[in-house]
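S.K.: Please see the structure below; I have some questions.
The values are calculated or read from the model by the stated rules, or taken from the named source; none is laboratory data. Keep in mind it's a predicted model, so treat the numbers as computed, not measured. Every residue, glycine as well, gets a Cβ built from its backbone with ideal geometry; the counts of neighbours run over all protein chains shown. What goes into the accessible areas is simple: the full protein's heavy atoms, side chains included, and nothing from ligands, DNA or RNA. Shrake-Rupley method; radii C 1.70, N 1.55, O 1.52, S 1.80 Å.
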Amino acid sequence: MGTLRFGFTIGFAALCWGQAPSAPVLNQRGAVNAVTLQPAPSNVSPGGLLLITGINLGPVAGFRATTTPLPTSLEDPPLEVRINNRPAPIFEATPGAVTVQVPLETPLGAAQIVVRRGTVNSAPARVNVVAPFPSLRTANGQGFGAGGSVEGGKLRLSAAGLGLTEPRVNAGELPGADEAASPRQTVRANVGGIAAEVSAKLSAAKVGEFEIELTLPEGAKASDVVAIYAGNAAGNRVTLGVEPAAAVEYLPLPEAARAARGLAASDLRPGFLALSAPRNGEGCWPSWVVDFARGAVREVPDCPAAANQNAASPFQTNPDSAVLAAFAGPATGPAAQGVSDKLTVLNPAQSESLAVTLPARGINIGGAPGGNLNVVLATNPPSNVLVNPTTGEVSEPAGPGGGGQPGGGGGLNLGNLQVDLGDDVKQLVAQPVNLGQGAFGVLAVDNASAVTRAKFGVLNAAGAVQSTRPFPETWLPLLAPVQTQGPGLPGGILPGGPGGPGGGLGAAAAILRGATIFDGQARVYWVLARNAAKSADAFIGFALAGNAEPIIRRLAEGTFIASCTAQTRLFNIDLSRRIAVSTGVTPESEVKNPCSANAFAVLDLAARTVTAINLPGQGEFSVSGNSANEMSDYVYGTNADPGRQNRSDTIYVLDGVGNSTFRLDLPPEIATFNNLTPIPEMTLLVGQASAQGSNVAGGAGLVIFDIENQQARLLPTPAGFAAVQLLATFPVTRKLLARGTRTDPAGSQLLLYDLVTGDLQILANPPGVNWVGQVPNAPGTPGQPPQPAAPPLQHFSPRSNAVHVLGYGANRQPAGMILVRVN
């Protein structure tokens, strides 16, 4: 039996009534990762820690375990927490909250949580159970900011969610006194984008928590972001320490580098980037490495090149690594024949570029798990190799698809968008859906321009048809109207489908206009449909089990899906197992801007019923493009008024868990807002606010919509500035970056807002810099139009808490690079 220490508390005073209601009641958004506190739907791993909130959950006097193994039942009537009907070990319990460990046997996917008091069960809440997901503790206990302690060049962290151990330690237990239980998954770490030596073992004092120790790389800074990986998955990131303010660094550029028009930077390493001038006549992009750690700007040798001749930069990045890579050209033939058999790799851990020789000419450079580079070769058929960016070693990928076609290994390849389901039904109209067990669901019609027949089909991984089901009589898939102009889908949109530089399905992809979703729990494939008479809309469901008739769930009479946009959005509400779609009163068949909706139709996947939920009052919102979106199971949109020129004054929100709608109005000093940006880590939306009587975007500052608390507040434009422009948000430290513009003297500066406290830091420009990131159009000569401005050269990296922007002088010409370390 062990003695426990706790790294968390849930507050024994919370909701302690002397006489509580008899049944436990869960907050449907109240099952969250107890370490990261990620808003629901939250991610937690088997063996991870889960915080559950509600009413009448635990004993009024409170409970805290002091010995191990942790109990799975306590008090009278007995309290149990069941996750997918498995009892969970209990750390703490009060009437308002319970903290438990997720059983190690819990399968991955959406898990159902029930609190039982005696024989009475709560209604279930849900959480996402995922593969090992490192959850790092922080000094503030909120899952962001500084984590761990530093001593003697070592960082020591506490984390949950690293998965099973060797030897195995059961849930609710501590390892033996002479037992060092280590994660079975490989654990990696980086600090400021640089790999760090790391070790991890299960704590002998805290159930479910791991003690992590890593050696800090040389030159590590308090503002550096620390990432811990279990396998190839990283959870919440933390900073190494706390700085009193953001740090600004500056490197002047040599004259030649001031011709740069492209920028490539790692998302992991602050102050390491490549600038590139436009492609020259020799097929090279003259480029320079900007390395703040070494205080140097140096020219890149060997003719950096790429297959895409119109690219602003030839360099590619890897989301899992701090390196940059380009082909060493010049290319001597068509891109399809490969650019070069050599790579130039830029690594922040090395002072010189690394030259790598490939077994054949390469076509494309991408990332691979573990920080390697994946290079597609112009062989017949195309093949791919992995490149170690530190050593330059070239190897073939392990497992299916190694050395074969990219995207191989069981993916479904329907690049021609054709699948014969019989009765001349061959044209694919929705992206194939992975049904599991090597099967894919497809939706096809006879003619996407004038549909008369449609079928749902199940295919195997080779594309062979296994079964087909016709649509119910008089019903057809609802296809979004054709956008007369605009881009097709990006390359690789189909599993195993075409991709590569400039790839894509092109004009053919325009036929993928059906809206479908697969309910994996009930194994039903749902499609939005409209009847042939265009007098009714419905959800049509095809159950995979047996050969049952299709399920038809009609929308309310006179209600139609908002089908006047080039993409009809279905919103999946994970926490309540519902699907929502925007609706109006007209069966539209053409693209409109704005495409307006005044309600939602919500399909309950468990009950298979459809509910109409109107907006408050007579409200309407726009669903054009991505105007309507989803965040943390809230669906939101802004009011539709073409006279406002893409500005709004109201947000409408569907609470997908509560199955209700509400509206958020602006603070009185604001007239309108635009450029809405979500911050899912805080369930916030941010927009640029215009003042009353003004059309200047950001003239009033930035408006923050707190969706969970149904509040709106203003971050005002600071004195001396005419307007602010939202640039980026940084979840690791809960900061927001904006650019403030001045008119007297003319110029701009970076502004850093604290999203928790509202505090503002105005970052001083380096000497000789008047503008940051971009400059406005320069005035033209009398009678001539203004001179066009150069494209903005700026890079914002939330994962490294870093900002890279080009600084311009009073003459509006490039002067040097600015690095901001956000803290």
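S.K.: Considering each of Gly410, Gly371 in turn, give the residue that is at pLDDT below 90 and surrounded by fewer than 17 Cβ atoms within 10 Å (Cβ to Cβ).
M.R.: It is Gly410.
S.K.: Given the residues Gly193, Gly141, which is the only one that is on the phi > 0 side of the Ramachandran plot and either crowded, with 19+ Cβ neighbours inside 10 Å or of a type in the set (S, T, N, Q) (or both)?
M.R.: Only one candidate qualifies: Gly193.
S.K.: Conditions first: (1) assigned to a strand (DSSP E or B); (2) more than 30 Å from Pro301 (Cβ to Cβ); (3) out of contact with any Phe, Trp or Tyr (no Cβ under 6 Å at 6 or more places or on another chain); (4) not acidic (Asp, Glu). Asn170 passes all but one, so which condition is the exception?
M.R.: (1)
S.K.: Moving on to the next point. Between a first residue in region 192-220 that is under 20 Å from Leu268 (Cα atoms) and assigned to a strand (DSSP E or B) and a second residue that is among the acidic types (Asp, Glu) and modelled with pLDDT of 95 or more, which pairs have beta carbons less than 6 Å apart while being 6 or more apart in sequence or on different chains?
M.R.: Thr215/Glu197
S.K.: Now for a separate question. Which members of region 549-574 meet the condition of being in a loop (DSSP other than H, G, I, E, B) and touching a Gly at 6+ places or on another chain (Cβ under 9 Å)?
M.R.: Pro550, Thr559, Ala562, Ser563, Cys564, Thr565, Ala566, Gln567, Thr568
S.K.: Kindly indicate whether Ser589 is in contact (Cβ under 8 Å) with a residue 40 or more places away in the chain, surrounded by fewer than 16 Cβ atoms within 10 Å (Cβ to Cβ) and either farther than 23 Å from Thr683 by Cβ or of a type outside the set (D, E, K, R) (or both).
M.R.: Yes; evaluated as a whole, the condition is true for this residue.
S.K.: May I ask you to list the residues in region 100-154 that are touching a helix residue (DSSP H, G or I) at 6+ places or on another chain (Cβ under 6 Å) and farther than 26 Å from Pro731 by Cα?
M.R.: none
S.K.: With Val150, Val207 as the choices, which residue is of a type in the set (A, V, I, L, M, F, W, C) and either within 28 Å of Val756 (Cα to Cα) or open to solvent by 70 Å² or more (accessible area, probe 1.4 Å) (or both)?
M.R.: Within the list Val150, Val207, the selection yields Val150.
S.K.: Which residue out of Asn121, Asn128 is of a type in the set (S, T, N, Q) and within 19 Å of the chain's Cα centre (by Cα)?
M.R.: Asn128
S.K.: Here's a follow-up. Of the residues in region 419-454, how many are in contact with a Gly (Cβ under 7 Å, 6 or more places away or on another chain) and either acidic (Asp, Glu) or under 21 Å from Gln567 (Cα atoms) (or both)?
M.R.: Counting residues in region 419-454 that are in contact with a Gly (Cβ under 7 Å, 6 or more places away or on another chain) and either acidic (Asp, Glu) or under 21 Å from Gln567 (Cα atoms) (or both) gives 7.
S.K.: In region 341-352, is there at least one residue being among the hydrophobic types (A, V, I, L, M, F, W, C), open to solvent by 20 Å² or more (accessible area, probe 1.4 Å) and either in a loop (DSSP other than H, G, I, E, B) or modelled with pLDDT of 90 or more (or both)?
M.R.: Scanning region 341-352, I find at least one residue that is among the hydrophobic types (A, V, I, L, M, F, W, C), open to solvent by 20 Å² or more (accessible area, probe 1.4 Å) and either in a loop (DSSP other than H, G, I, E, B) or modelled with pLDDT of 90 or more (or both), so the answer is yes.
S.K.: Moving on. Looking at region 728-746, which of its residues are of a type in the set (Gly, Ala, Ser) and buried (at least 18 other Cβ atoms within 10 Å of the Cβ)?
M.R.: Result: Ala738, Gly740.
S.K.: Across region 747-771, which residue is least open to solvent (accessible area, probe 1.4 Å) among those that are aliphatic (A, V, I, L, M), assigned to a loop (DSSP other than H, G, I, E, B) and closer than 13 Å to Leu715 by Cβ?
M.R.: Here the answer is Leu755.
S.K.: Continuing with this model, one more query. Say whether the condition of being among the basic types (Lys, Arg), part of a loop (DSSP other than H, G, I, E, B) and open to solvent by 40 Å² or more (accessible area, probe 1.4 Å) is met by at least one residue in region 533-547.
M.R.: Yes: one or more hits.
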